[in-house]
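**Student:** Could you have a look at this structure, given as structure tokens, before my questions?
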Amino acid sequence: PFFLRRTKEEVAPDLPALSEQVFYSEMHPAQQKVYEKTKSAVRNEILSLFDDPKTRVMALQALMRLRQLANHPALVEPETDLDSGKFDDVLAQWETIRRAGHKVLFFSSFEKHLQLFRREFEQRGYAYAWLTGDTAVPDRAREVERFQQEPAVQAFFMTIKAGGTGLNLTAADYVFLLDPWWNPAVEDQAIARAHRIGQTRPVTALRFLARGTIEEKIRQLQERKKQLGQEFFAAAAEAPKLTRAELEDLLG
């Protein structure tokens, strides 16, 4: 068996420039305290569960709690009054881009993360489009049309698995990746919703990472995977294929 693959550069050599940047956010002190406390509590649990294939899923669920805390404590404890440094930074970047008249795709691994931004947008009176795995097919097409055609709809919120493929969203020239996904190819596909045939403007992709958290480690893991080219044909993988050494590095 073999694969034939055409790169985007081969198919559309005249595409405008794509700029990719990593934006590091500092956690608020209280958020960082909760994160470190949780990491200390689950580290040994994760390592012990990971050794048994029957409990490996539980280990990945514990890792997910750390990823959620890096985004916003409200993803783990909905009633919390703690703030998130990343949440504040994303909104600040959005305000600057919105005032300049640009449109932005917001991607996250967690629908609950997107809901926090949706609530904030509704309080501020900003129009937005919305797409998750629960969005019906007719509604999906309608949301795409609204974003593409209506100047007032400058933001499109999508879970990365629901909106990462099959959409043409060239009205956007900014892409916000709110949290890292295990597979870098999935993120590349998300960026390609805006940077594709029909795009006439340069596209900027911003990856938001909470400094000093598992998100930084995932980014380093992505780079190693990307260099090896292992993920290009496994974009649909739901769970990361981690070695024990990689897991220990994530929790270091």
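The values are calculated or read from the model by the stated rules, or taken from the named source; none is laboratory data. What you see is a predicted model; the values in this text were computed from it and never measured. Counting neighbours? That spans all protein chains shown, and the Cβs are built from the backbone with ideal geometry, glycine included. Ligands, DNA and RNA are stripped out before the accessible areas are found, and what is left, the full protein with its side chains, is counted by its heavy atoms. Shrake-Rupley method; radii C 1.70, N 1.55, O 1.52, S 1.80 Å.
**Student:** Regarding residue 70, is this residue touching a residue at least 40 places away in the same chain (Cβ under 8 Å), surrounded by 19 or more Cβ atoms within 10 Å (Cβ to Cβ), touching a Phe, Trp or Tyr at 6+ places or on another chain (Cβ under 6 Å) and under 19 Å from residue 249 (Cα atoms)?
**Tutor:** Here the answer is no, as residue 70 does not meet what is asked.
**Student:** I would also like to ask the following. Looking at 179, 173, 188, can you tell me which residue is free of Cβ contacts under 8 Å to residues at least 12 places away in the same chain and open to solvent by less than 50 Å² (accessible area, probe 1.4 Å)?
**Tutor:** Exactly one of 179, 173, 188 is free of Cβ contacts under 8 Å to residues at least 12 places away in the same chain and open to solvent by less than 50 Å² (accessible area, probe 1.4 Å), namely 188.
**Student:** In addition: In the stretch 12-39, what residues are open to solvent by 70 Å² or more (accessible area, probe 1.4 Å) and under 22 Å from residue 83 (Cβ atoms)?
**Tutor:** Result: 24, 26, 29, 32, 33, 37.
**Student:** Go through the residues of the stretch 95-111 one by one and say whether even a single one is open to solvent by 20 Å² or more (accessible area, probe 1.4 Å), in contact with a helix residue (DSSP H, G or I) (Cβ under 8 Å, 6 or more places away or on another chain) and free of Cβ contacts under 8 Å to residues at least 60 places away in the same chain.
**Tutor:** So far as the stretch 95-111 goes, no, none of its residues is open to solvent by 20 Å² or more (accessible area, probe 1.4 Å), in contact with a helix residue (DSSP H, G or I) (Cβ under 8 Å, 6 or more places away or on another chain) and free of Cβ contacts under 8 Å to residues at least 60 places away in the same chain.
**Student:** Restricting to the stretch 114-164, count the residues that are modelled with pLDDT under 95 and either among the small types (Gly, Ala, Ser) or touching a Phe, Trp or Tyr at 6+ places or on another chain (Cβ under 6 Å) (or both).
**Tutor:** 7
**Student:** Count, please, the residues in the stretch 194-252 that happen to be over 25 Å from residue 87 (Cα atoms), at pLDDT 75 or above, open to solvent by 30 Å² or more (accessible area, probe 1.4 Å) and not in a loop (DSSP other than H, G, I, E, B).
**Tutor:** Qualifying residue count, the stretch 194-252: 6.
**Student:** Look at the stretch 105-150 and say how many of its residues are under 25 Å from residue 20 (Cβ atoms) and of a type in the set (S, T, N, Q).
**Tutor:** Residues in the stretch 105-150 being under 25 Å from residue 20 (Cβ atoms) and of a type in the set (S, T, N, Q): 4 in total.
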